[in-house]
1. Using 25 Å as the Cα-Cα cut-off, could you pick out the over-long pairs in Lys51/Lys167; Lys62/Lys176; Lys77/Lys145; Lys67/Lys115?
2. Using the Cα centre of the stretch 187-308 as origin and beta-carbon charges of +1 (Lys, Arg) and -1 (Asp, Glu), tell me which of Ala212, Ala250, Thr268 is placed farthest towards the positive end of the dipole.
3. Can you give me the Rg/Rh ratio for the stretch 187-308, using Cα atoms for both radii and the Kirkwood formula for Rh?
4. Magnitude of the Cβ-charge dipole of the stretch 225-284, K/R +1 and D/E -1, about the Cα centre, nearest 20 debye?
5. Please give every one of the lysines within straight-line cross-link reach of Lys265, meaning a C-alpha to C-alpha distance under 20 Å, and leave out same-chain neighbours fewer than 8 residues apart.
6. One-quarter of the Cα convex hull surface for the stretch 140-258, in nm²?
7. Could you please rank Ser90, Ser31, placing first whichever residue has the fewest other Cβ atoms within 10 Å of its Cβ?
Amino acid sequence: MSFIRKIAMPVLLCLLPVHLPFAHGQDAEGSKDHPLISRYPGSVISEYSQKAFDEYELPLSKVADGKYEKTQHLEGKVTAIYYTVPEGRSALEIFRNYESALKNAGFQELFTCSKTCGEPPPSGFYPLNDAFGNYSSDTRYLAAKLTRAAGDVYVALWEYDSTFDVKTFLAVVEIKPMESGLVTVNAASLASDITRTGHASVYGIYFDSGKADVKPESGAALKEIANLLQQDPQLKLYVVGHTDNVGTLANNMDLSRRRADAVVKVLTTTYSVPAMRLSAEGDGPTAPVASNDTEDGRAKNRRVDLVKQ
């Protein structure tokens, strides 16, 4: 199963590309797979719902007395898809394919259960009415999270074996990106991102447009980078500058490198980080994490990445 691209590219999950029999029927009118997660081959969309902005309670526990013991409140773009799986495939097989695909794409497992998940809560809980109205002893559930600069993505996956066939319920919640400049940087979160993905994006380092001088209000973020390096004496980093696509490629490549050089200089002179532990690089506009067609997207792309050497 191979579907992972560069970290800056969109995540695409492709499930087991083998020849399978198809479930009976056609996809519900107006329905489609979520662009981040494909269907299991041969499955058919029975019901579909998508809202540009809505709230969703993500289950993070088993069901007790008709309700979940723990949930997480989410707000953002909510897509809910109800699939009927092709004949001859078990709930376990489908579930394991999704589980593996999500893990390989960088999703963090938040909660999972199987068979002992408890009876389903009232059908009104689900975005699709009566999607899981029939109780099954072979019910499997997984909640997962993908952290990304363009906005975190949460997935809720139910797999269950009904009387006649296997059903899949998939809910995808794309969190609305935070406003630029409101992100708090701390050494622990940087270390976590680097351990998980090999890099961490820092949005708290500021420059004037077209310039490479680090502004004074960048102090908090720079201090946390210094703390990160102090806490892990063996860690060496590439400090990589990124820009949006406004202007020429040559200018942006040069600007991103000069900004990375400036960050390294401040870290080595003001925060006494040994120069041998840092290497400045510039990627210009070549590794965006959001669309450059909007100001919000361009703000996300103007960043400094810390990449483990």
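1. Lys62/Lys176
2. Highest projection toward the positive end goes to Thr268.
3. The Rg/Rh ratio comes out at 0.95.
4. Approximately 180 debye in magnitude.
5. Reachable lysines: Lys211, Lys215, Lys223, Lys236, Lys308.
6. 10.8
7. Ranking Ser90, Ser31 by Cβ neighbours within 10 Å, fewest first, gives Ser90, Ser31.
Since every read-out is calculated from the coordinates, none of them should be taken as a lab result. Note that this is a predicted model, so its numbers are computed, not measured. Here Cβ is always computed from backbone atoms with ideal geometry, including for glycine, and neighbour counts include all displayed protein chains.
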